[in-house]
Amino acid sequence: MNRTQRRRTRARTLPASGLLALCLAAAGSCMTTPALATGSNPSERPASGKWSGTLPTAPEGPYARVYYPQNAPSAPNQVGFPHHWHAVYGNPQHNAAYAVGSNAPKWLRQGVGWNYAEARAWPLSDSRPFANEVYGTREALPVQTQFMGNALGVTGADGVIYAESDDMFAYALNARTGQLIWRTSPLMNNLMGDPIVAGNDVYLSAGSVSFNFGHVISYAKTGKALRGEDVNFNGLVALDRKTGKFKWVFLTKGEAMPTPAYAHNRLFISTGAGNIFAVNATDGKEIWKTHVGGTANMSDPVVYHGRVYVSMSVVPYIYCLNAKTGKVIWKRTIKGAVNTGLGDVAPAVGDGVVVDDTVADRQVHDGHKTVNTIVGAMSARTGKILWEHKMGRGPLPPAFKGGMPMIHNGVVYVGTPVTNVYQARDLHTGKLLWTWKIPDAGPAGAGRGPATAYRGTLYVSTGPNIYALNPKTGAQIGSHHVGGRFGIVNPAIVGGTMYLGNSWDWVNAVPLSAIKAGSTG
């Protein structure tokens, strides 16, 4: 059977031993196990969709799942944590902050500190990234984030910290001790998202930033390239949250770097093929597919009041879709957005307002590429532009170029690696409230991850440091040096502890008391 014939294949049975062969076939626009579904016609779908076979992994090999049940938290040590995690950065507002009551354990109220070394951990004390001598620091920093360590933050639920890493492994750790509960590498690709926890499951997204030479030729000829095709195995993976055991995989032709969103037993993902999917969270079957075009970069879907909001690149647009049907309700762009701009930034949604930002207005000054960052707000209902403001011109940053916005108490907090600042703006008017300059931003720029507001303090993780700010004035009131590098990472706060993913391939737990005290590590 030739490649064209394989692409025309509609559905076929997938035995446990045949997963790898089916992956290599790369047939159709999307694959679910045990069959391949490419259309909406029920006759093209398998009678049963859940596949519980094994992955192409040697049972005792380096990628095999490990499970240490003795390291799981006891019931008392689960008190105070959220029970689930349904969106990137915790919620549509991107504010991952969870206060605890007096019934929470003492360690959680006071905070704990530990560092867990993942599979490819680089010394936190080494400020130079791996391959610094070859690529130079400016380029080596994002390469390490994209291929070695944690690109995003971590997830906390019922006393467990879940992390995805570009080392191709997912981890579950005891939130109090940092001990490993389970580790698994379910799909041969980078895991660049924020684990989603719902019911008894954990959901991961697999995809990388990579293109191959065929993509370069395609883009040169047509202006289009399907990111992730024939590079690696992409898709959405479901695991048992207690043991890390594989349940099912929904394979996609394009990369699936963005974190999925969960609502009403559905998972919503966007891909490098320009598709947005709704997938049944129980069995991994496709519910609907909408082709909007463009490419999904790191813009994660958000579900808000029955609608899905997601941004795409090449061409840059923000889309609002009906979560039940997949129908596009509206789409908007920010004038002057560069091709990859909007697709790098997940919209934040709150109080009926959608906020996103993009690098825009590319210009060359003194032989150097420069851009401006534009942050804008739209009506969540109609897409009407409410306001847009420029954050300042500076050098074009490498890799991820935007800043993830966060909404809290009628204020938008957003950073940019173009000028290395965070700003606070009124959510409804866009009025600038303050600007804070990031100290020692480094050659790759800083300010990519969303801030977290918790009990009267604004926390920012960027570069190798954590900062505490006054949310009303932007004045810095504390800092803490962790080491390594925080990429598109948010501080996930539960009680007195902040949990973070690190590009140096670590998971860090830091007591808030250390940050407010201004410790240097």
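The values are calculated or read from the model by the stated rules, or taken from the named source; none is laboratory data. Predicted model, so just to flag it, every value in this text is computed and none were measured. FYI the Cβ positions are ideal-geometry reconstructions off the backbone, even for glycines, and counts take in every protein chain you see.
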All positions within segment 427-454 that are among the small types (Gly, Ala, Ser), touching a residue at least 40 places away in the same chain (Cβ under 8 Å) and in contact with a Pro (Cβ under 9 Å, 6 or more places away or on another chain): Gly442, Ala444, Gly445, Gly447, Gly449, Ala451, Ala453
Selection count, segment 308-336, where residues are closer than 18 Å to Gly376 by Cβ and under 21 Å from the mean Cα position of the chain (by Cα): 11
Exactly one condition in (1) at pLDDT below 95; (2) farther than 20 Å from Arg485 by Cα; (3) not acidic (Asp, Glu) is not met by Pro82; state its number. (1)
I need the full set of residues from segment 293-337 which are in contact with a Gly (Cβ under 6 Å, 6 or more places away or on another chain) and part of a loop (DSSP other than H, G, I, E, B), in order please. Gly293, Gly294, Ala296, Asn297, Ser299, Val314, Val315, Pro316, Ala323, Ile334
Would it be correct to say that Gly80 is in the same structural domain as Asn150 (by TED's automatic domain parsing), over 27 Å from the mean Cα position of the chain (by Cα) and not basic (Lys, Arg)? no
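Inside segment 222-290, counting only strands (runs of 3 or more DSSP E) that do not spill past its ends, which hold 3 or more residues that are of a type in the set (A, V, I, L, M)? Spell out the reasoning first.
On the way: elements: 234-240, 246-252, 261-263, 266-270, 275-280.
Per the criteria, 234-240, 275-280.
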Considering Tyr262, Tyr309, which residue is surrounded by 24 or more Cβ atoms within 10 Å (Cβ to Cβ) and of a type in the set (Phe, Trp, Tyr)? Tyr309
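Answer yes or no as to whether Ala263 is closer than 28 Å to Asn91 by Cβ and touching a strand residue (DSSP E or B) at 6+ places or on another chain (Cβ under 6 Å). Give the derivation first.
Numbers: closer than 28 Å to Asn91 by Cβ: yes; touching a strand residue (DSSP E or B) at 6+ places or on another chain (Cβ under 6 Å): yes.
It is true that Ala263 is closer than 28 Å to Asn91 by Cβ and touching a strand residue (DSSP E or B) at 6+ places or on another chain (Cβ under 6 Å).
Residues checked against (1) outside the structural domain of Asn339 (by TED's automatic domain parsing); (2) under 16 Å from Gln423 (Cβ atoms); (3) of a type in the set (Gly, Ala, Ser):
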position: Val359; (1), (2), (3): no, yes, no
position: Arg362; (1), (2), (3): no, no, no
position: Ala377; (1), (2), (3): no, yes, yes
position: His389; (1), (2), (3): no, yes, no
position: Pro405; (1), (2), (3): no, yes, no
position: Gly410; (1), (2), (3): no, yes, yes
With Ala446, Ala377, Ala441 as the choices, which residue is within 23 Å of Asn132 (Cα to Cα) and buried (at least 24 other Cβ atoms within 10 Å of the Cβ)? Ala446
Does at least one position in segment 453-461 carry a residue that is touching a Leu at 6+ places or on another chain (Cβ under 9 Å), polar (S, T, N, Q) and in a strand (DSSP E or B)? yes
Search result, residues across segment 63-120 that are within 26 Å of Ala453 (Cβ to Cβ) and of a type in the set (A, V, I, L, M): Val79, Ala87, Val88, Ala96, Ala97, Ala99, Val100, Ala104, Leu108, Val112
Exactly one of Gly487, Gly456 is more than 21 Å from Thr177 (Cβ to Cβ) and modelled with pLDDT of 95 or more, and that one is Gly456
Please specify each residue of segment 148-168 satisfying the condition of being farther than 30 Å from Lys106 by Cβ and surrounded by fewer than 21 Cβ atoms within 10 Å (Cβ to Cβ). Asp167
Out of curiosity, is Thr137 surrounded by fewer than 19 Cβ atoms within 10 Å (Cβ to Cβ), hydroxyl-bearing (Ser, Thr, Tyr), over 22 Å from Ser205 (Cα atoms) and touching a helix residue (DSSP H, G or I) at 6+ places or on another chain (Cβ under 8 Å)? no
(1) surrounded by fewer than 24 Cβ atoms within 10 Å (Cβ to Cβ); (2) aliphatic (A, V, I, L, M); (3) within 20 Å of Gly223 (Cβ to Cβ): which one isn't true of Ile287, the others all being true? (3)
Only one of (1) of a type outside the set (Phe, Trp, Tyr); (2) crowded, with 19+ Cβ neighbours inside 10 Å; (3) farther than 18 Å from Asp194 by Cβ fails for His94. Which number is that? (3)
Against the condition farther than 16 Å from Thr325 by Cβ, in contact with a helix residue (DSSP H, G or I) (Cβ under 7 Å, 6 or more places away or on another chain) and crowded, with 24+ Cβ neighbours inside 10 Å, how does Thr252 come out, does it pass? no
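The rows are residues; the columns are (1) in a loop (DSSP other than H, G, I, E, B); (2) at pLDDT 95 or above; (3) of a type in the set (A, V, I, L, M, F, W, C); (4) farther than 24 Å from Ser379 by Cβ.
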site	(1), (2), (3), (4)
Pro398	yes, no, no, yes
Lys401	yes, no, no, yes
Ile407	no, yes, yes, no
Ala424	no, yes, yes, no
His428	yes, yes, no, no
Leu433	no, yes, yes, no
Gly442	yes, no, no, yes
Ala446	yes, no, yes, yes
Gly449	yes, yes, no, yes
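Would you mind listing the strands (runs of 3 or more DSSP E) fully within segment 94-182 where at least 2 residues are touching a residue at least 24 places away in the same chain (Cβ under 8 Å), small (Gly, Ala, Ser) and in the same structural domain as Gly61 (by TED's automatic domain parsing)? Spell out how you get there, then give the answer.
Numbers: elements: 114-117, 155-157, 160-164, 170-174.
Because the criterion is at least 2 residues that are touching a residue at least 24 places away in the same chain (Cβ under 8 Å), small (Gly, Ala, Ser) and in the same structural domain as Gly61 (by TED's automatic domain parsing), the strands (runs of 3 or more DSSP E) in segment 94-182 that meet it are 155-157, 170-174.
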Could you run through segment 339-396 and say how many residues are under 19 Å from Gly487 (Cβ atoms) and among the polar types (S, T, N, Q)? 3
Looking at segment 286-306, I want the residues that are over 20 Å from Asn91 (Cα atoms) and have a partner that is of a type in the set (Lys, Arg) and outside any strand (DSSP E or B) with Cβ atoms under 7 Å, at least 6 apart or on another chain. Which pairs are those? Thr295/Arg227
